Amino acid sequence: MELEYKFFVSEKEAMAILGKVEESYDTGEMELIAMTAKYFDTEDFSLRKRGIAIRRRKENHDEVATIKWNGRVDKGMHIREEVNVPMIDAFPLDSHCFVGTKAEGLITDKEFGELKAFLTMNFRRVQFTVNLDNARCMMSYDMGTILGNEKEIPISEIEIELLEGDGSKLMELEADLRKKFGMKAAEKSKFEQGLSLYF
């Protein structure tokens, strides 16, 4: 289960907020990651119609395939099922990637055979862990672009995601950030923003 909040901010705002969080909380070392993600669906968007998203993402030199489903937003918190599996460049994106995971069987072999990339996201991520009582979160800032349907939209957002522990601590962190910086949780994920280029 993935639990996270997203906030639309400018780069200047993001850098100031990340700096203040590092001063105020017990945080891990900051990392910089270059990311390129491709999202796939069939010609008639059969996965979208069933609330499923599948992507293949390069994170610096590592590559990961991800399936997300059963997503919803509750008071700004994005909640969904998620499975991530490591990939190698030469490996095809097919049903074998998810054998033995809870995502096995979500996408049929026929659908896998018909998948086409329809969204590309290129962005830089700055991230660090935030260590709380009974929980550990990841805070990140993403800046880049979403490309699809011969159009593009910018990415500039902060995310806080629960890595492990008590989900109520993520809610407390979100409330603290909202109070200190006037941040408002965003209802749309990057994927949903990308879909707006088509629908």
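Annotations
- Debye, to nearest 20: dipole size of segment 2-195, +1 on Lys, Arg Cβ, -1 on Asp, Glu Cβ: 580
- With contacts taken as Cα pairs under 8 Å and at least 6 residues apart, segment 2-195 reaches a relative contact order of 28 percent.
- Ordering of 147-153, 133-139 by packing [mean C-beta count within 10 Å, highest first]: 133-139, 147-153
- Straightening the chain between residue 181 and residue 64 buys 38.8 nm, computed as 0.36 nm per residue apart minus the Cα-Cα spacing.
- Per-residue ³J(HN,Hα) for segment 56-64, Karplus 6.51 cos²θ - 1.76 cosθ + 1.60, θ = phi - 60°, Hz, x for Gly and Pro: 10, 10, 9, 10, 6, 9, 9, 10, 9
- Charge dipole (Cα centre; +1 on Lys/Arg Cβ, -1 on Asp/Glu Cβ; no other charges) of segment 96-199 amounts to roughly 300 debye.
- With 0.36 nm allotted per residue and the present C-alpha distance subtracted, the residue 150-residue 43 stretch has 36.9 nm of extension available.
- Length gained when the stretch residue 114-residue 192 is fully extended (0.36 nm per residue, less Cα-Cα span): 25.9 nm
- Dipole of segment 18-78 [Lys/Arg +1, Asp/Glu -1 at C-beta], most positive-end residue of 40, 18, 76: 40
- Approximate spin-label separation residue 2-residue 95, in nm, with each point projected 7 Å along Cα-to-Cβ: 2.4
- Whole-Å semi-axes of the ellipsoid equivalent to the chain (Cα gyration tensor, √5λ, descending): 29, 18, 16
- Ranked by how many other beta carbons lie within 10 Å on average, peptides 13-20, 121-128 from highest: 121-128, 13-20
- Cα-based convex hull, segment 144-189, per residue volume (Å³, whole number): 101
- Checked against a 31 Å cut-off, the cross-linked pairs 20/49; 38/179; 20/188 give Cα-Cα distances beyond that limit for 20/49; 38/179.
- Scaled radius of gyration (Cα, divided by 2.2 N^0.38 Å) that segment 86-199 gives: 1.33
- Between 0 and 90 degrees, the angle of helix 11-24 with respect to the longest Cα principal axis of the chain falls at about 60 degrees.
Bear in mind that the values in this text are calculations on the coordinates, not laboratory data. Keep in mind that this is a model prediction, so the values were computed, not measured. Counting neighbours? That spans all protein chains shown, and the Cβs are built from the backbone with ideal geometry, glycine included.
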